[in-house]
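First the structure, in the form of structure tokens, and then the observations on it.
The values are calculated or read from the model by the stated rules, or taken from the named source; none is laboratory data. Since we're looking at a predicted model, the values are computed, not measured. Don't worry about glycine lacking a Cβ; one is built from the backbone with ideal geometry, like all the others, and counts go over all protein chains shown.
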Amino acid sequence: MSQPISMPWSDPVFPAPPHSWEGVDVAVFTYTPNPEGLAAALPPGIEPGEGMGLITMLSYPQSVVRPFKELVVLVPVTVEGEPGNYIPHIFVTTDEALIAGREIAGYPKLIADIEWERDGDAFHFSASRWGTEFLKCDGTVTGPAPEGMEQMQSEASARPTYNYKLIPGPAGEIEVEEITATHLEVVPTKVELGTAKLTTTPAEGASVSNIVPSSEGMLIVMKSNNTIPAGKVIRRITDRVASPAEVA
């Protein structure tokens, strides 16, 4: 990088987008969001949408940053009438992945200990913070996906992902408050289907269980090439709205 775009100035942790990875291991589990938990998690300007929520579990190889693992909780929403997905929770295993996501698009990333394992047909995933496991997924891959599933996955990932980017200034005032949108480009190279049991547990600093109930359902396991291109600002917030925690 001839010109750093991130801190530290002398040792920036990521280059400008787009950011691309080849051979990403991905597992996707669908769920029905808890309506009360979802309503409490949505910031101003983002409304509940129709459809299922997604738990996306990823293991990234070396690319623009070091290899890392990731857990993404997505819920269906609309912004200004346009459907997409909102990320109330997202966890990664390295500081490079955390900083890049927060500073560019406002992904609310937190550090967690994550296991992503595939042993033959057996799949296991777990995520913990501060020694407490708050989500695990155990499943079995039963066979290849039907023809055309790769195209369906690519089209599903084309829906915008919305974030509420909230950054304080040096005096504690809110300096950046905006809704952003990114379009993750996913090109599956192999798709398999299976079944899994997802278990969520309340944990300090990881309130995933408020939105995601424990359940059993379909598991999609993929190899894919992923790209996160440059995103855009949908709306800049000028009038502060109190959060549910502030109101309480």
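Just one of GLU50, GLU36 is part of a helix (DSSP H, G or I) and either among the aromatic types (Phe, Trp, Tyr) or over 14 Å from the mean Cα position of the chain (by Cα) (or both); which is it? Walk me through how you get there before you give the answer.
Values: GLU50 fails: part of a helix (DSSP H, G or I).
Being part of a helix (DSSP H, G or I) and either among the aromatic types (Phe, Trp, Tyr) or over 14 Å from the mean Cα position of the chain (by Cα) (or both) holds for just one of GLU50, GLU36, which is GLU36.
Just one of the numbered conditions (1) surrounded by fewer than 13 Cβ atoms within 10 Å (Cβ to Cβ); (2) in a strand (DSSP E or B) is not true of ALA171; which one?
It fails just one condition, (2).
What number of residues in the stretch 206-239 are among the small types (Gly, Ala, Ser) and buried (at least 18 other Cβ atoms within 10 Å of the Cβ)?
Taking the stretch 206-239 first, the residues among the small types (Gly, Ala, Ser) are 206-207, 209, 214-215, 217, 224, 230-231.
Subset that is buried (at least 18 other Cβ atoms within 10 Å of the Cβ): 206, 224, 231.
Counting residues in the stretch 206-239 that are among the small types (Gly, Ala, Ser) and buried (at least 18 other Cβ atoms within 10 Å of the Cβ) gives 3.
Could you figure out which of (1) among the aliphatic types (A, V, I, L, M); (2) at pLDDT 95 or above; (3) surrounded by fewer than 17 Cβ atoms within 10 Å (Cβ to Cβ) isn't true of ALA40?
Among (1) among the aliphatic types (A, V, I, L, M); (2) at pLDDT 95 or above; (3) surrounded by fewer than 17 Cβ atoms within 10 Å (Cβ to Cβ), ALA40 violates only (2).
Among the residues of the stretch 197-210, are any farther than 21 Å from ALA112 by Cβ and either at pLDDT 95 or above or of a type outside the set (Asp, Glu) (or both)? Walk me through it before giving the result.
Within the stretch 197-210, the subset farther than 21 Å from ALA112 by Cβ is none.
Within the stretch 197-210, not a single residue is farther than 21 Å from ALA112 by Cβ and either at pLDDT 95 or above or of a type outside the set (Asp, Glu) (or both).
Any residue in the stretch 1-16 that is under 14 Å from VAL64 (Cα atoms) sitting within a Cβ distance under 7 Å of a residue that is modelled with pLDDT under 80 and of a type in the set (Phe, Trp, Tyr)? List the pairs, counting only those 6 or more apart or interchain.
As it stands, the answer is SER6/PHE14, since those pairs meet every condition given.
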